[in-house]
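Enquirer: Next up is a structure, given as C-alpha cells.
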Amino acid sequence: MHINEQSRISRRGFIAAAGFSGGAAFLASRTLFAREEGIVPTMVNAAATAKITVRPLRRNIAVLEGSGGNIAVLTGPDGKLLVDAGFAVSRPQISSALVSINSDPIKRLINSHWHTDHTDGNAWLHDAGAVITAHENTLKRLSVATRVEGWSYTFPAAPQGALPVEVFTNEHRMNVNNTRIVCNYYPPAHTDCDISVYFEEADVLHVADTWWNGVYPFIDYSTGGSIDGSIRAAETNLAMATSKTIIVPGHGPVGGRADVVEFRDMLVAIRENVALLKKRGRSIDETIAAKPTAGYDEKWGQFLTTPAAFTRLVYMGV
C-alpha cells in the first residue's frame with residue numbers, strides 16, 4: 001500500500017469521519033493534511049490534543065473514545081481493567097477521563113493486538129499499576145523492531161515495561177470486578193495477534209480492529225493480516241454475538257450485530273469484485289481505476305483507508 005493513497009482524503013471527508021464517532025474525532029486535526037509527515041506521526045501529533053469522550057455501556061463498563069482505538073474500561077473493587085491503551089501522548093486526557101468515571105486504581109490492561117494506536121500507552125499504564133495481558137504474538141511483535149509497509153513506518157521495540165507479562169495462545173479467562181472475561185484469539189485477521197474480549201454478565205464484546213464501524217479497515221499484511229482473514233474474523237464475531245450484544249469496534253461508534261453483518265457483507269462484496277478483475281488479468285492500477293468499491297464509497301470511504309487504498313489491500317490478498 002502507498003502512504004499517499006492512505007492520506008489522499010479531503011478536509012470535508014476527515015471532518016465527516018470525525019463526526020461519526022468521538023473515537024475518530026482526533027483525526028479532524030489539520031495536521032493530518034500534512035501529507036509529508038506520514039500517517040503515524042500525524043496520528044500521534046493529533047492525539048496529543050485529542051478530546052476523550054466517556055461513553056457508559058452496560059453494568060460497570062464504559063468506552064473511552066478519542067486516542068487511537070476505542071478503550072474499554074471495567075471498574076469495580078478489583079480496580080480498573082482496560083482493553084487497549086491508546087497513544088501515550090494522550091495520557092493527561094485519558095487519565096482525566098478515567099478519574100471522571102471513579103477513583104478506582106488501574107490494575108489490569110488487555111492489548112487487543114500490537115498496533116501502536118492500541119499499545120503506545122502500555123508503559124505509563126504499567127507504571128500506574130497495570131498488569132498487561134495479550135496474545136503471545138503481541139508480545140512477539142512488541143519485543144522487536146517491526147515494519148508496517150502499509151504505513152511506511154518501522155516501529156522500534158517497546159521498552160520492557162510496555163511488554164505484556166501474561167500471554168496466551170488461544171483462550172484466556174479471568175474474573176475481575178465480579179465479571180467473567182473471556183479473551184479469544186482469532187486466526188490471522190487484521191494482524192496475526194488479534195483477540196476479542198467478552199464481558200459475559202454485561203454481554204459486551206470488544207472486537208477491536210477486526211471491525212471498523214462505518215469505514216474501510218486497514219489490513220496489516222506485514223504482520224499476518226489478510227482480506228480473507230478479516231472476513232473470517234467478521235464471521236466469528238457474528239457467531240459470538242446476539243441481537244442484544246453490545247459490540248465495541250476498534251474504530252468508529254459502538255454498535256451491534258446488524259452493524260457487523262453490514263461490515264461483513266461489504267468485505268465479501270468488494271473481495272468478489274476485486275478478485276474478478278484480478279482473474280481477468282487487470283493490474284493493480286487498472287483494478288483501482290475500475291472502482292470496484294464504488295457502491296460502498298459514500299459510507300465506507302471517508303476515513304484513513306481510502307477506496308483506492310482499500311482496493312489495493314484487497315488486491316494483495318486475492
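Enquirer: Could you say which residue among Thr169, Thr210 is among the β-branched types (Val, Ile, Thr), modelled with pLDDT of 95 or more and surrounded by fewer than 19 Cβ atoms within 10 Å (Cβ to Cβ)?
Expert: Details: Thr210 fails: surrounded by fewer than 19 Cβ atoms within 10 Å (Cβ to Cβ).
Checking each option against the conditions leaves just Thr169.
Enquirer: Read through the list (1) in a loop (DSSP other than H, G, I, E, B); (2) within 14 Å of Asp209 (Cα to Cα), then give the number of the only condition that Val248 fails.
Expert: (1)
Enquirer: Also, I was wondering about something else. May I ask you to list the residues in the range 254-305 that are part of a loop (DSSP other than H, G, I, E, B) and touching a Gly at 6+ places or on another chain (Cβ under 7 Å)? First the steps, then the outcome.
Expert: Here is the first cut: in the range 254-305, the ones part of a loop (DSSP other than H, G, I, E, B) are 254, 256, 280-283, 290-296, 301-305.
Within the range 254-305, Thr293, Gln302 qualify.
Enquirer: Name every residue in the range 59-71 that is of a type in the set (A, V, I, L, M) and within 12 Å of the chain's Cα centre (by Cα), in order of residue number.
Expert: Going through the range 59-71, the residues of a type in the set (A, V, I, L, M) turn out to be 61-64, 71.
Matches in the range 59-71: Ile71 only.
Enquirer: Tell me the residue from Thr191, Thr179, Thr169 that is within 17 Å of Gly68 (Cβ to Cβ) and of a type in the set (Ser, Thr, Tyr), please. Write out each step before concluding.
Expert: Values: Thr179 fails: within 17 Å of Gly68 (Cβ to Cβ); Thr169 fails: within 17 Å of Gly68 (Cβ to Cβ).
Residue meeting the stated conditions: Thr191.
Enquirer: Take Ile219 and tell me if it is within 20 Å of Asp297 (Cβ to Cβ), touching a helix residue (DSSP H, G or I) at 6+ places or on another chain (Cβ under 6 Å) and touching a residue at least 60 places away in the same chain (Cβ under 8 Å).
Expert: Taking the combined requirement at face value, the residue satisfies it.
Enquirer: A follow-up question, please. Within the range 157-170, identify whether any single residue is outside any helix (DSSP H, G or I) and closer than 28 Å to Lys244 by Cα, and answer yes or no.
Expert: First, pick out the residues of the range 157-170 that are outside any helix (DSSP H, G or I): 157-159, 163-170.
Of the ones still in play, those that are also closer than 28 Å to Lys244 by Cα are 170.
Yes, the range 157-170 contains at least one residue that is outside any helix (DSSP H, G or I) and closer than 28 Å to Lys244 by Cα.
Enquirer: While we're here: What is the number of the single condition among (1) farther than 20 Å from Val260 by Cα; (2) in contact with an Asp or Glu (Cβ under 8 Å, 6 or more places away or on another chain) that Ala130 does not meet?
Expert: With respect to (1) farther than 20 Å from Val260 by Cα; (2) in contact with an Asp or Glu (Cβ under 8 Å, 6 or more places away or on another chain), Ala130 is out only on (2).
Enquirer: Sort out which residues of the range 189-212 are touching a His at 6+ places or on another chain (Cβ under 7 Å) and either farther than 16 Å from Val148 by Cα or without any contact (Cβ under 8 Å) to a residue 40 or more places away in the chain (or both), and write them in order of number.
Expert: Ile195, Ser196, Val197, Ala208, Thr210, Trp212
Enquirer: In the range 293-318, what count of residues is obtained for those that are closer than 17 Å to Ser226 by Cβ and either surrounded by 21 or more Cβ atoms within 10 Å (Cβ to Cβ) or free of Cβ contacts under 8 Å to residues at least 60 places away in the same chain (or both)? Give the derivation first.
Expert: Quick first cut of the range 293-318, residues closer than 17 Å to Ser226 by Cβ only: 305, 309-318.
Narrowing further to those that are either surrounded by 21 or more Cβ atoms within 10 Å (Cβ to Cβ) or free of Cβ contacts under 8 Å to residues at least 60 places away in the same chain (or both): 305, 309-315.
Total satisfying the criteria: 8.
The values are calculated or read from the model by the stated rules, or taken from the named source; none is laboratory data. Computed from a predicted model, the values in this text were never measured in an experiment. Reconstructed Cβ throughout: ideal geometry from the backbone, glycine too, with neighbour counts over all protein chains shown.
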